[in-house]
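Single-structure report; data block below.
The values are calculated or read from the model by the stated rules, or taken from the named source; none is laboratory data. These numbers were taken from a predicted model, which means no experiment stands behind them. Quick reminder, even Gly has a Cβ in these numbers, built from the backbone with ideal geometry, and neighbours come from all protein chains shown. With ligands, DNA and RNA removed, areas are computed over all heavy atoms of the protein, side chains included. Shrake-Rupley method; radii C 1.70, N 1.55, O 1.52, S 1.80 Å.
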Amino acid sequence: MMQKKYRWGLRLLTIGYCIYMIFFAKIYQFMALNVFLAYIPIEISFHLKKVNSKFFVILSVLWLLFYPNAPYLFTDFFHLELLPIYQGMDYIFGLSLSGWLSFSLLAIGICAWGLIGMNTFFTVFSEFRKRQLIKKKWHQAVLFLAVNLLSSLAIFVGRFDRLHSVHLFTQPINTLKIIFFDWSIEKLGFILILTGFQLVLLMAINGIKTDSC
């Protein structure tokens, strides 16, 4: 019962956040779309335990396509520079209540849906183990690293090539070309940095979960 209440509470909170950001936020309206996309892997994770093996594979692929939207949210901290609380280059903060409200809304969107979305990583892997789709520890390690590398790659094309997960359905050929065939030293470096960033966050999330058990 508690789990059901949590899920519906999160759904309503997501809808409320997105509506507020679209119609009432002075800045950061784009967070409505980013949070909605980050919520999709969360919703998918709610249904993984209920489906048979065939649909589990389908849902897992969909989860993988949308999962990068969760860690992608953390790159939105870049937009803090838009806030009116910054008083020039001396980095003194101003007491603008509307500015601090915008800061809070941005931070909540990033931290809440970013961390909850990344937590689905463990839900998916746990279900993979239960269904014995991955048995050996080295298989788990390879898959763990591969998902994070692919996620970092998706974050790069999302941030710098301005592609979203939905482009895989609307422009599949061009999107795959940009993702896998356009490379540079900067792209490789970014992917390695963001992979490390994600691994640290996942270890932190897992540590909190383990400590609370």
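Couple of notes before you dig in:
- Working note: Karplus 6.51/-1.76/1.60 with θ = phi - 60° gives the range 177-189 the couplings 4, 5, 5, 9, 10, 9, 10, 7, 4, 5, 5, 5, x Hz, where Gly and Pro are set to x.
- Given 15 as the ceiling on other Cβ atoms within 10 Å, longest exposed-site-free region of the chain for trypsin sites (Lys or Arg not before Pro) in DSSP loops: 27-130
- GNM top mover of W138, W63, W100 - the chain, alpha-carbon springs below 10 Å: W138
- Potential extension, Q3-K50 segment - 0.36 nm per residue separation minus Cα distance: 15.5 nm
- Atom-type composition of the exposed protein surface of the range 82-213 places 72 percent of the accessible area on carbon and sulfur (1.4 angstrom probe).
- The number of Lys pairs in the chain with C-alpha atoms less than 24 Å apart, excluding pairs fewer than 8 positions apart on the same chain, is 24.
- Overall form of the range 8-110 per C-alpha gyration tensor (a/c, 1.5; a/b vs b/c): prolate
- The stretch between Q132 and I22, if pulled fully straight at 0.36 nm per residue, gains 35.3 nm over its current Cα-Cα span.
- Per residue, the accessible area of the chain comes to 59 Å² when a 1.4 Å probe rolls over the protein heavy atoms.
- Taking amide H positions as modeled 1.01 Å from N, with prolines and chain starts lacking one, the residues under 5 Å from Y86 and 5 or more places away or on another chain are G94.
- J(HN,Hα) series, the range 161-169, from Karplus relation 6.51 cos²θ - 1.76 cosθ + 1.60, nearest Hz, glycine and proline x: 9, 6, 9, 10, 4, 5, 5, 5, 9
- Spherically averaged projected area in nm², based on the convex hull that wraps the Cα atoms of the range 139-213: 6.3
- Its residue count N sets the reference 2.2 N^0.38 Å, and the alpha-carbon radius of gyration of the range 68-209 equals 1.25 times that reference.
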